[in-house]
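Heads up, the thing below is written out as C-alpha cells.
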Amino acid sequence: MSLSNRKIGFIGAGNMAFALMKGLVNSGLVPPENIMASDPEPSRFEGLSKSLNITITTDNIAVAKKSDIIMICVKPQVAKYVMDEISQFLKDKLLISIAAGVKTDFFEHYLSGLRVIRVMSNTPALVGEGSSAICAGKYAGKPELEIADKLFCSVGKVAVIEEKYMDAVTGLSGSGPAYVFKFIEALSDAGVKLGLSRETSRMLAAQTVYGSAKLVLETGEHPMALKDMVTSPGGTTIVGVHMLEKGGFSAAIIDAVEEATKRSEELGKK
Ligand SMILES: NC(=O)c1ccc[n+]([C@@H]2O[C@H](COP(=O)([O-])OP(=O)(O)OC[C@H]3O[C@@H](n4cnc5c(N)ncnc54)[C@H](OP(=O)(O)O)[C@@H]3O)[C@@H](O)[C@H]2O)c1
C-alpha cells in the first residue's frame with residue numbers, strides 16, 4: 001500500500017515526532033508536502049521544520065481535519081486533552097499513537113469503530129535505529145498494521161505484537177537504551193581505570209556494543225554461538241564472562257526488564 005498520497009498529521013512535534021518525520025522524508029516514503037504537525041510552540045522547531053520542508057501549526061484541529069493518518073505524539077498525560085479536542089474529526093481516519101502506556105481502547109472510547117494502532121518505540125529512532133513494537137486495536141487489522149510497519153521501518157526495525165505484551169516491550173526495548181547506556185559507561189569506566197583515555201574508552205565501548213548488535217542482526221546467528229566464537233579455551237574472554245556471571249549479570253538484566261514491566265503495568269492502571 002502506497003503512503004505517498006496519504007496526508008499524515010503529527011499532534012505534538014517533539015523528539016519522537018521529528019525523528020519519524022525525518023525518517024519518512026529522508027526515506028522518500030512520504031513527500032514533505034503531505035506531512036503536517038501541530039505543537040504549542042512551533043517557533044522552537046523552525047530550523048528543523050525548514051530543513052524538512054514541513055509545516056507546523058498550533059492548530060491540532062486543522063491537522064486532524066486535513067490528515068488521513070493522525071499520529072498522536074504527545075506525552076501520555078496530554079493524550080486526553082488532545083482527544084477531547086480532535087475526536088469529532090476522526091471519522092474514517094487511522095490513528096497511530098506512540099504515547100507510552102495509553103491503551104488502544106482509550107482512543108476507541110472516543111469514537112466507536114476508530115482504527116487505532118499503538119506503538120512503543122525507543123530513542124535510537126532519533127538516529128534511524130529505533131526498535132518499535134506495534135499492535136492493533138479492536139477495529140484495526142492487517143492493512144493498518146502494514147501502514148504502521150512501513151512508517152516505523154523508516155526509523156528502525158518493527159515487531160508486530162499483541163497489545164497484552166506492550167508492558168513487556170516497554171520494560172525491554174522502551175527502557176532498554178538506558179540499560180545499554182549504563183553498560184557502555186561501565187565498559188568505558190573500566191577502560192579509564194586501566195589507563196585508557198575517556199574518549200578512546202567510550203568509543204571502543206560504544207562501537208563494541210554497536211558492532212556486536214549488528215553481528216547478531218546481520219548473521220542471524222544465536223548470540224551464544226557468537227559468544228563462543230570469541231571465547232577460546234583457557235583464554236581471556238571466558239575469564240571475563242565468568243566474572244560477569246559471578247556478579248549476576250544475566251539475572252540483573254532479567255530482573256531489570258521484569259521490574260520495569262511491572263512498573264509499566266502499574267502506570268498503565270493509573
Ligand atoms: N522519547 C522516547 O524515547 C519515547 C519512547 C517511546 C515512547 N515515547 C512516547 O512518545 C511520546 C512523545 O515523546 P517525546 O519524547 O517526543 O516527547 P516530547 O519531545 O515532549 O514531545 C511532545 C510534544 O508535544 C507537545 N505538546 C504538548 N501539549 C500539546 C498539545 N495539547 N497539543 C499538541 N502538542 C502538544 C509538547 O510541547 P511542550 O514541550 O510545550 O509541552 C512537545 O513538543 C510520549 O507519549 C512518550 O511516552 C517516547
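The values are calculated or read from the model by the stated rules, or taken from the named source; none is laboratory data. This structure is a prediction, so every number in the text was calculated from the model and none was measured. Cβ coordinates were reconstructed from backbone atoms using ideal geometry, including for glycine residues, and neighbour counts include every protein chain displayed. Surface areas here come from the heavy atoms of the whole protein model, side chains and all, with no ligands, DNA or RNA. Shrake-Rupley method; radii C 1.70, N 1.55, O 1.52, S 1.80 Å.
What the table below lists for this structure:
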| read-out | value |
| --- | --- |
| Low-density loop positions, GluC sites (Glu not before Pro), the stretch 82-177 - DSSP coil, at most 12 other Cβ in 10 Å | GLU162 |
| Full-extension gain in nm, ALA225 to SER27, via 0.36 nm per residue minus C-alpha separation | 67.9 nm |
| Ellipsoid equivalent to the stretch 174-269 - semi-axes via the Cα gyration tensor, in Å | 26, 18, 15 |
| In degrees, nearest ten, helix 176-193 long axis to first principal axis of the chain (Cα) | 30 |
| Mean ellipticity per residue at 222 nm, deg cm²/dmol - from DSSP H runs of n ≥ 4 across the chain, formula -39500 (n - 2.57) | -15000 deg cm²/dmol |
| Accessible surface ranking that places the most exposed of MET224, MET16 first, with a 1.4 angstrom probe | MET224, MET16 |
| Surface accessible to a 1.4 Å probe, GLU199 within the full protein complex, Å² | 150 |
| Set of the stretch 144-171 residues, backbone N closer than 13 Å to the point 7 Å along the Cα-Cβ line of ASP105 | 163-164 |
| Sites matching trypsin sites (Lys or Arg not before Pro) across the stretch 115-157 that sit in DSSP coil, with at most 15 neighbouring C-beta atoms within 10 Å | LYS138 |
| Size-normalised alpha-carbon gyration radius of the chain, reference 2.2 N^0.38 Å | 1.14 |
| Förster-model FRET efficiency, 45 Å R0, ILE61 and ILE253, C-beta, rounded to 0.05 | 0.50 |
| Degrees separating the helix 198-219 axis from the principal Cα axis of the chain, which is the longest one | 70 |
| Partner lysines for LYS182 [C-alpha distance under 30 Å; skip if fewer than 8 residues away on the same chain] | LYS22, LYS75, LYS103, LYS157, LYS164, LYS193, LYS214, LYS227, LYS246, LYS262, LYS269, LYS270 |
| Amide H contacts under 5 Å for VAL160, placed H, 5+ residues apart | ILE134 |
| Label-point separation in nm, SER43 to LYS91, each point 7 Å along Cα→Cβ | 3.8 |
| Rounded to the nearest 10 Å², the accessible area of LYS65 at probe 1.4 Å | 120 |
| Kirkwood Rh in Å, taken over the stretch 8-166 so that all alpha-carbon pairs contribute | 15.3 |
| Net length gained if the chain between ILE161 and TYR210 were fully extended (0.36 nm per residue, minus Cα distance) | 15.1 nm |
| Acute angle (nearest 10 degrees) that the helix 15-26 long axis makes with the longest principal axis of the chain, alpha-carbon atoms | 80 |
| Area of ASP228 that stays accessible when all protein chains are in place (1.4 Å probe, Å², to 10) | 90 |
